[in-house]
Structure formats: structure tokens, C-alpha cells
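First comes the structure, then the notes that go with it.
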Amino acid sequence: MLTRRCFVAVSLLAGISPALAETAAPADPFAILTAIYTRAAKGKGDGGGAFVIENKAAKAKYLSKALVALWAKADAHTPKGDVGPVDFDPVTNSQEPDVKSFKVDAEKMEADKAIVAVTIIGHRNDRKPADLIVRYDFVREAGSWRIDDIKGSSGGEAWSIRKMLTDSLRS
């Protein structure tokens, strides 16, 4: 039988701190977005964040079940050969990603919902300040945080991934 002392000793030998071994806390919205944008900013910052939505596995990792289901429904509704309703990188709010650095700010934090804004600083300065802010609605599902919507603006026009997907089902 594995006692608590043995568990802690084995954890220490394996290089895992006892606190982490006992209570592995799910990543919070800040950690999730920091990891996403750190990856997007690597190199010249032109890799973007499309990896968040590139396939079913990525969507399941980052997005809420409801958003994944809506996206699948919208993709199934898209005529074969056509581009889906989301034809840009929502993480960088662009067609041509440019992420030099970023700042993550909580706008609203609750036990099971959060709204977090990310301000993107690029290498170029060719975008309106409002277009540099991307907001994320998070929900907690089965103990983990998932993105339930991504929102921003482009040229002064507000957009929402959830709205784009929903609107695509009407056409």
C-alpha cells in the first residue's frame, strides 16, 4: 500500500514537488493565454495562434464543449471547397500575425466564468489600438478552464467567433 510518506518520497525522487503531486490545479485563464501568446510571439512573432483552432484535438484542448459543437456544426454547413466562417487567426486578430509581446488583463473573474483581455504589441505599428485587444470568455468545465468565445474588432467593426459561427448557420 502506498502511504502518504511513500507517495511524497516517490514524488521527490521523480522531481515532482509534493504540493503539486497532491493537488495538481488546473491551469487558470492567465496561464492558458500566456502559453498561447508566448508560442505566438516566438521567433518573428509571425507564427500566429491558429494552432488553437487548427483541428479537432486542438479545439477540444482549448475550447468549451459548446463552442466545439457549434464550430463543428458550422463547418458541416459550409459548402465543400469553401472557406469556413472563420477565415483569419482570431488569436492575433489578423491575416498576417505580428506578435512581439503581449499583456494579459482580467476584466471579470468568477468561480466558473472569466473574461480576460490580451493586448498585442506587434513589430509593426500599422493597426488601430482597438484592433490590438482580443477578449476571451472562459468557462469552467469539469474542473478545467476552456475558451467559450473570442472577441475583438477589425477596422472598428466588432467581431465574435461565436456570432460568426452562429451567423454562418443562417445562410
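Nothing in this text is a laboratory measurement; each read-out follows from the coordinates by a stated rule. Just so it is clear, the model here is predicted, and its values are computed rather than measured. Using ideal geometry, Cβ is built from the backbone for each residue, glycine included, and neighbour counts are taken over all protein chains shown.
Which of the lysines could a cross-linker bridge to Lys151, judged by Cα under 22 Å and excluding same-chain residues fewer than eight apart?
Qualifying lysines at Cα under 22 Å: Lys56, Lys59, Lys61, Lys65, Lys73, Lys100, Lys103, Lys108, Lys113, Lys128, Lys163.
How much FRET efficiency would the formula 1/(1 + (r/R0)^6) give for Met109 and Leu169, where r is the Cβ-Cβ distance and R0 is 30 Å, rounded to 0.05?
0.45
Can you give the log10 of the normalised intensity I(q)/I(0) at q = 0.16 Å⁻¹, computed with Debye over equal Cα scatterers of the stretch 34-153?
Log10 of I(q)/I(0), two decimals: -0.80.
How high is the relative contact order of the stretch 26-168? Use alpha-carbon pairs under 8 Å, at least six apart in sequence, and give a whole percent.
Values: 252 pairs, mean separation 36.0, N = 143.
Reported relative contact order: 25 percent.
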